[in-house]
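Take a look at the structure below.
The values are calculated or read from the model by the stated rules, or taken from the named source; none is laboratory data. In this text the structure is predicted, and so the values were computed from the model without any measurement. Ligands, DNA and RNA are excluded from the accessible area calculation, which covers all protein heavy atoms including side chains. Shrake-Rupley method; radii C 1.70, N 1.55, O 1.52, S 1.80 Å.
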Amino acid sequence: DVYIANIVKCRPPANRTPLEDEIKSCAPFLMEQIKVIKPKIIVTLGSPATCTLLNEKIKISSVRGTFYDWNDGIKLMPTFHPAYLLRNPNDKGLVWEDIKKVIAFISDQK
């Protein structure tokens, strides 16, 4: 029911944010995974994942919590990355609100 994937297929040194060339070299693998799995919904965690799939530079705080139609009708829900929540625990409630929207969407599909 749930599949977890990463934008980059190896951990960057010191767990830093992936560089643009790392994302570009790994993105085709992610796109193939999505093609094979055919998800109804994708939840992107953080800016790198969201920017990669939306193909634009955005601030996660300005797009989180909003559904986007992506690639042949797949719903995409951006939200904060868990590492961000470790640094900003007061925003956990925002992610919970996002996830409740995802749950409602999935429930409506059944």
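Of all residues being aliphatic (A, V, I, L, M) and outside any helix (DSSP H, G or I) in region 25-52, which is most open to solvent (accessible area, probe 1.4 Å)? Just the residue, please. If you could, list the steps in order and put the result at the bottom.
If we filter region 25-52 for residues that are aliphatic (A, V, I, L, M), which is where we start, we get 27, 30-31, 34, 36-37, 41-43, 45, 49.
The next check asks that each one be outside any helix (DSSP H, G or I); those that pass are 41-43, 45.
Details: 41: 32, 42: 23, 43: 53, 45: 76 Å².
Selected residue: 45.
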Checklist entry - Take the residues of region 1-24 that are in a loop (DSSP other than H, G, I, E, B) and among the β-branched types (Val, Ile, Thr): which is farthest from residue 102 (Cα to Cα)? => result 17
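For residue 77, indicate whether it is within 17 Å of residue 2 (Cα to Cα) and modelled with pLDDT of 95 or more.
Details: within 17 Å of residue 2 (Cα to Cα): yes; modelled with pLDDT of 95 or more: yes.
Answer is yes for this residue.
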Checklist outcome for this item: Checked region 53-91 for anything open to solvent by 30 Å² or more (accessible area, probe 1.4 Å) and within 9 Å of the chain's Cα centre (by Cα); matches are 81
Next on the checklist: Is it the case, given these coordinates, that residue 72 is over 18 Å from residue 1 (Cα atoms) and among the acidic types (Asp, Glu)?
Outcome noted: yes
